Amino acid sequence: MRLFDERSAVVEFGKKLITNHLTTGTGGNLSFYNRSEGLIAIKPSAVDYFKMRPEDVPLVTSEGEVVEGDMVPSIEIRFHLDLLNFREDVNAVVHTHQVNATTIACMNWELPAVHYLVGFSGDKVPLAAYAPIGTQALSDNILSAIGNYNACLMANHGLVTLGKDLKSAFSVAEELELVSKIYIQCKSMGDPVLLSDEDMAVIAEKFKTYGQPQKK
């Protein structure tokens, strides 16, 4: 089986989307790009995360041609492909319907720097304008909004996050759910005090060395 590790990661983190309350049912989707092989493992459409097996995860080219697997890829394959082609620093895309971030998206708000953990995205989480699911228009809106950020809210829809692998893209979604909850609670009390661009520039530098050093 080609790309067993990547397909297994789609299965593993798909289950975590449910257990960590980042989506419900078969909602949301994930993809993992092996650039050396030129192939992307992407969640199959409308398949139960807890019944999904590595062999069920389709492999597609960067143009979307299915080269292995019997199941139809996610309905959102368009923005997965476009993001992975647009950002060479990104190998994984996670899309969720997590409640707090999606609530902000349904208000058609960006998520500002209310807490330093927004730095997992950048100095904010931008908002992509609404377009129907699975359309080129939705993908175009996401690419227009996301730029060099690692996350983007999708108006009246959800959240998409990026990373060098599925673990990092998933972590961005988790951290931003906490920040989204904090922001909603702050807005219920008044206007929160936001961190400045200078504050967030310091955080960006800190995050460059966050975590354990990579073994050589």
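The values are calculated or read from the model by the stated rules, or taken from the named source; none is laboratory data. All figures in this text were calculated on a predicted structure; none of them were measured in a lab. Every residue, glycine as well, gets a Cβ built from its backbone with ideal geometry; the counts of neighbours run over all protein chains shown. Heads up: the accessible areas ignore ligands, DNA and RNA and are worked out on the full protein's heavy atoms, side chains in. Shrake-Rupley method; radii C 1.70, N 1.55, O 1.52, S 1.80 Å.
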If we count every other residue with Cβ under 15 angstrom of residue 38's Cβ, Lys/Arg +1 and Asp/Glu -1, where does the sum land? -4
Share of accessible surface on carbon and sulfur in the chain, whole %, 1.4 Å probe and ligands ignored, is 53
Which order, highest average first, do 195-208, 108-121, 137-150 follow once you tally other Cβ atoms within 10 Å for each residue and take the mean per peptide? 108-121, 137-150, 195-208
If I build a Gaussian network model for the chain, linking alpha-carbon pairs within less than 10 angstrom, which residue out of 154, 107, 52 has the largest mean-square fluctuation? 107
Region 117-190, relative contact order [Cα under 8 Å, separation at least 6], %: 28
When the scattering of region 77-156 is computed by the Debye formula from its Cα atoms alone, each counted once and equally, what is log10 I(q)/I(0) at q = 0.18, 0.20, 0.25 Å⁻¹? -0.71, -0.89, -1.34
Could you list, in their original order, any pairs among 51/164; 51/124; 181/208; 164/187 whose Cα atoms are separated by more than 31 Å? 51/124; 164/187
Would you compute the Debye intensity of the chain from its alpha-carbon atoms alone, equal scatterers and no solvent, and pass along log10 I(q)/I(0) at q = 0.10 Å⁻¹ to two decimals? -0.41
If contacts are Cα pairs under 8 angstrom and at least 6 residues apart, what is the relative contact order of region 1-151 in percent? 20
